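S.K.: What follows is a single structure, and I will ask about it in a moment.
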Amino acid sequence: MLHVEHIHKTFFAGTINEKVALQDLSLHLAPGDFVTVIGGNGAGKSTMLNSIAGVYPVDSGKIVIDGADITKTPEHKRAKYIGRVFQDPMMGTAAGMMIEENLAIAARRGKTPGLKWSLNEKDHDWFVEMLKELDLGLENRMTARVGLLSGGQRQALTLLMATIKKPKLLLLDEHTAALDPKTAAKVLALTERIVDRDQLTTLMITHNMRDALRYGNRLIMMYNGRILVDVAGDEKKNLTTQDLLQMFEKAAGNTLDSDRLLLS
Amino acid sequence: MIDILMPTIAQGLLWAIMALGVYITFRVLDIADLTVEGSFPLGAAVAASMLSEGYSVAVAFICAAIAGMLAGVATGLLHTKLKIPALLAGILTMIALYSVNLRVMGKANLSLLRIDTIFTEMQAWFNLDNVYTVLSVGAIAALLSGLFIYWFFGTEIGAAIRATGFNQQMIRAQGVDTRVTIILGLLISNALVALSGALIAQNNGFADVGMGTGTIVIGLASVIIGEVLFCTRSFKNCIVSVILGSVVYRIVIAAVLQMGMPPNDLKLFTALLVAFALSLPLVKDKVGARKAVK
Ligand SMILES: Nc1ncnc2c1ncn2[C@@H]1O[C@H](COP(=O)(O)OP(=O)(O)OP(=O)(O)O)[C@@H](O)[C@H]1O
Ligand SMILES: [Mg+2]
């Protein structure tokens with residue numbers, strides 16, 4: 001479904017601020033893979049997701065989704081394939097617009113907008129159904145401005161927006177990190193439900209090792225712009241946080257106290 | 001009193017078209033677009049030139065609108081393609097338009113004396129007196145502009161433009177090219193501003209290359225007065241409140257002039273009014289914070 005081949009990304013190349021963010025990174029996802037991504041601060045996790053989403057171009061390498069080479073495709077054209085939820089609950093919605101208007105935009109993801117009226121009866125009923133499944137009472141607040149919602153409600157809505165038109169690939173960048181633990185757990189459970197239901201191919205970055213182990217069928221760990229650990233299936237199921245730390249230290253070739261802290 | 005009130009309301013309605021244009025950039029797109037200082041006299045210049053060349057009123061309006069669109073696109077391209085900050089892009093277009101406007105008119109001031117305008121034609125048709133002609137033209141123009149904006153921003157494209165103003169990252173992630181939506185928003189805004197310029201020129205009986213000075217501030221004053229006095233939250237109400245804001249602004253100006261303020265101080269007064277209105281949210285915050293402390 002997704003093939004990332006040997007991508008490199010360096011920020012501010014040729015200046016004193018030069019920062020190598022991705023080094024010869026390759027990743028292949030089968031349809032329906034639900035991959036959790038972990039790694040310390042600055043490991044390149046967000047850069048990998050942003051490169052796939054087209055936020056900035058990669059320096060070299062190739063990105064293919066569903067058979068289409070999108071390496072040079074601009075961000076807005078990749079939206080046809082990709083649904084995204086960001087760390088910042090403000091990022092995924094238009095705060096000044098109604099819930100229904102946000103959903104209407106999301107339901108057209110990847111289509112060129114036309115001069116048809118943006119809202120209609122049929123979609124309205126569909127949105128109500130979808131919101132009911134979130135179980136947050138939002139179906140009664142379709143005309144409320146999204147800016148009035150709590151962070152958790154906004155993330156749940158953004159998740160619905162990212163998936164209401166089934167994407168080929170779902171990218172989640174620490175989408176529960178800004179939420180309190182209880183809300184985060186709810187949004188994660190919702191994520192799993194949607195991903196399972198629609199069999200979505202998913203990359204989910206998290207800073208929480210237990211979440212990384214609990215969710216998904218595959219786990220990758222990044223360090224210094226590379227993927228160091230990649231485990232799937234039964235091997236992942238039986239993994240403990242201790243195993244993970246050991247694998248990480250072995251692969252990285254040294255003991256990384258700061259990263260150990262960050263990962264635990 | 002009525003003698004002054006009716007013409008004042010009529011002026012407010014003619015200028016409301018411009019204020020609606022400013023609303024689209026300032027509030028919908030979240031850009032302070034100074035192009036309007038050039039596209040307002042551009043609309044006036046184009047309409048006045050066409051009319052004095054003998055073209056019909058309809059053709060004059062259409063050409064004024066197209067000229068305004070082009071001005072908006074110019075700013076849009078400077079901003080989106082060349083990555084020039086929006087404020088600066090608008091200033092560049094505004095300065096360039098000064099020369100363009102002189103070229104269009106061939107001189108600094110073009111009189112429409114004894115030339116048929118929308119107002120003389122309406123007067124002939126409906127046999128109204130001067131004041132009520134201006135009032136009805138203004139009302140119809142404001143109504144049509146308001147309806148157009150309400151319709152357009154309710155469409156898929158319109159919704160995408162509004163979302164661009166709130167959150168570019170979000171709407172790009174939904175597959176919309178924000179360069180296109182920004183250019184479209186500037187295009188519609190400046191078309192309205194140019195139409196307003198065309199109306200004002202015909203009402204004044206002349207177009208002048210300097211008539212754009214202060215347009216942005218008048219537009220902002222109207223938008224903000226409308227918001228403070230009338231705006232509840234729906235988009236429809238916001239459109240109506242901008243139109244009413246423009247009318248109230250004219251009434252305030254007429255009132256202070258009546259009270260003896262020298263006309264030369266008008267722009268200073270307007271600037272202070274807008275500065276005050278723009279600082280209202282801050283003042284409210286401060287007052288709120290002080291209350292919370294107590
Ligand atoms: N837009 C950018 N401009 C410049 N440098 C960047 C940019 N984005 C990321 N970097 C740099 O690239 C490196 C990788 O950053 P990235 O954000 O991908 O890390 P991450 O794994 O997501 O970390 P975190 O867990 O803190 O989110 C970092 O050194 C960072 O400073
Ligand atoms: Mg990150």
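S.K.: So who's got an amide H within less than 5 Å of the one on residue A:87, skipping anything under 5 residues away but keeping other chains? H placed 1.01 Å off N, in plane.
M.R.: The answer is A:173.
S.K.: Separate question: Once the mean 1/r over all distinct Cα pairs of chain A is inverted, what Kirkwood radius in angstroms do you read off?
M.R.: Its Kirkwood hydrodynamic radius stands at 19.3 Å.
S.K.: Residue-wise, which Karplus ³J(HN,Hα) couplings in Hz belong to region B:79-92, taking 6.51 cos²θ - 1.76 cosθ + 1.60, θ = phi - 60°, and x for glycine or proline?
M.R.: With coefficients 6.51, -1.76 and 1.60, one gets 6, 7, 8, 9, 6, 7, x, 4, 4, 5, 4, x, 5, 4 Hz.
S.K.: Per residue of chain B, what 222 nm ellipticity follows from adding -39500 (n - 2.57) for every DSSP H run with n ≥ 4, rounded to the nearest 500?
M.R.: Result for chain B: -26000 deg cm²/dmol, rounded to the nearest 500.
S.K.: With the Cα gyration tensor of chain B giving a ≥ b ≥ c as the square roots of its eigenvalues, does the rule (a/c under 1.5 for rounded; else a/b larger than b/c for prolate; else oblate) give rounded, prolate or oblate?
M.R.: It comes out oblate by the Cα gyration axes.
S.K.: Now, a different point. Ignoring ligands, DNA and RNA, what percent of the 1.4 Å accessible area of region B:2-293 is carbon and sulfur?
M.R.: Summing carbon and sulfur atoms, their accessible area is 68 percent of the total for region B:2-293.
S.K.: Could I ask something else about it? Can you show me the helix-derived [θ] at 222 nm for chain A, built from DSSP H runs with n ≥ 4 at -39,500 (n - 2.57) apiece and divided by the number of residues, rounded to the nearest 500.
M.R.: -10500 deg cm²/dmol
S.K.: Next up: Give me the compactness ratio for the protein assembly as shown, meaning the Cα radius of gyration over 2.2 N^0.38 Å.
M.R.: 1.17
S.K.: Give the interface area between chains B and A as buried accessible surface, both sides summed, probe 1.4 Å, in Å² to the nearest 100.
M.R.: 2400
S.K.: Each residue of region B:106-119 in turn: what ³J(HN,Hα) in whole Hz from Karplus with 6.51, -1.76, 1.60 and θ = phi - 60°, glycine and Pro shown as x?
M.R.: Computed from phi, the couplings for region B:106-119 are x, 7, 7, 9, 10, 8, 10, 4, 6, 10, 5, 10, 4, 6 Hz.
S.K.: What are the ³J(HN,Hα) values, in whole Hz, obtained from phi via the Karplus relation 6.51 cos²θ - 1.76 cosθ + 1.60 with θ = phi - 60°, for each residue of region A:56-66 in sequence order, with x given for Gly and Pro?
M.R.: So the J values, rounded to whole Hz, are 9, x, 8, 6, 7, x, 9, 10, 10, 10, 6.
S.K.: Please give the charge dipole size of chain A, origin at the Cα centre, charges +1 on K and R Cβ atoms and -1 on D and E Cβ atoms. Round to the nearest 20 debye.
M.R.: Using only the charged Cβ atoms, the result is roughly 500 debye.
S.K.: 5 Å is the cut-off here: which amide hydrogens, built 1.01 Å from N in the peptide plane, fall below it relative to residue A:223, excluding neighbours closer than 5 in sequence?
M.R.: HN-HN under 5 Å from residue A:223: A:228.
S.K.: Is the shape of region B:169-218 rounded, prolate or oblate, going by the alpha carbon gyration tensor and its root eigenvalues a ≥ b ≥ c, with a/c under 1.5 for rounded and a/b larger than b/c for prolate?
M.R.: Cα axes put region B:169-218 in the prolate bin.
S.K.: Taking the inverse of the average 1/r across all pairs of different Cα atoms in region A:1-153, what Kirkwood radius in Å do you get?
M.R.: 18.0
S.K.: Tell me which of B:230, B:264, B:176 sits at the most positive position along the dipole axis of region B:2-293, charges placed on C-beta atoms (Lys, Arg +1; Asp, Glu -1).
M.R.: Farthest along the dipole direction, towards plus: B:176.
S.K.: Next question, about the same structure. May I ask you to order B:157-169, B:257-269 by the average number of other C-beta atoms within 10 Å around their residues, highest value first?
M.R.: Per-residue mean Cβ counts within 10 Å order the peptides as B:157-169, B:257-269.
S.K.: Relative contact order for chain B: what is it in percent, counting Cα pairs under 8 Å that are at least 6 residues apart?
M.R.: Dividing the mean separation by the residue count of chain B yields 35 percent.
S.K.: Using mean Cβ contacts within 10 Å as the protection proxy, how do B:108-117, B:146-155, B:175-184 order, highest first?
M.R.: Highest-to-lowest ranking by the protection proxy: B:175-184, B:146-155, B:108-117.
S.K.: Continuing with this model, one more query. Could you check what % of the DSSP bridge pairs in the protein assembly as shown are antiparallel, to the nearest 5?
M.R.: 60
S.K.: Right, something else. With r as the distance between the Cβ atoms of residue A:132 and residue A:214 and R0 = 22 Å, compute the FRET efficiency 1/(1 + (r/R0)^6) and round to 0.05.
M.R.: According to the calculation, E is roughly 0.25.
S.K.: Evaluate peptide A:71-78: per residue, the Cβ atoms of other protein chains within 10 Å of its Cβ; return the mean as an integer.
M.R.: Partner-chain Cβ atoms within 10 Å, mean over residues of A:71-78: 3.
S.K.: Where only protein heavy atoms count, and the probe is 1.4 Å, what is the accessible area per residue for chain B in Å²?
M.R.: Ligands and nucleic acids excluded, the result is 45 Å² per residue.
S.K.: Determine the shielding of peptide A:93-102 by partner chains: average, over its residues, the number of Cβ atoms on other chains within 10 angstrom of each Cβ.
M.R.: Partner-chain Cβ atoms within 10 Å, mean over residues of A:93-102: 5.
S.K.: Continuing with this model, one more query. Work out the FRET efficiency for residue A:28 and residue B:255 from their Cβ-Cβ distance, taking R0 = 60 Å, and round it to the nearest 0.05.
M.R.: 0.25
S.K.: Which shape class, rounded, prolate or oblate, goes with region A:14-83 when its Cα gyration tensor gives a ≥ b ≥ c as root eigenvalues, a/c under 1.5 marks rounded, and past that a/b bigger than b/c marks prolate?
M.R.: Here region A:14-83 falls in the oblate category.
S.K.: Could you list, in their original order, any pairs among A:19/A:45; B:236/B:284; A:111/A:132; A:111/B:236; A:9/A:45; A:132/B:236 whose Cα atoms are separated by more than 19 Å?
M.R.: Where the Cα-Cα span goes over 19 Å, the pairs concerned are B:236/B:284; A:111/A:132; A:111/B:236; A:132/B:236.
S.K.: At a probe radius of 1.4 Å, what is the per-residue accessible area of residue B:145, in Å² to the nearest 10?
M.R.: 10
The values are calculated or read from the model by the stated rules, or taken from the named source; none is laboratory data. Source: prediction; values computed, not measured. Please note: Cβ atoms are built from the backbone with ideal geometry, for glycine as well, and neighbour counts cover all protein chains shown. In case anyone asks, the SASA skips ligands and DNA or RNA and just uses the protein heavy atoms, side chains included. Shrake-Rupley method; radii C 1.70, N 1.55, O 1.52, S 1.80 Å.
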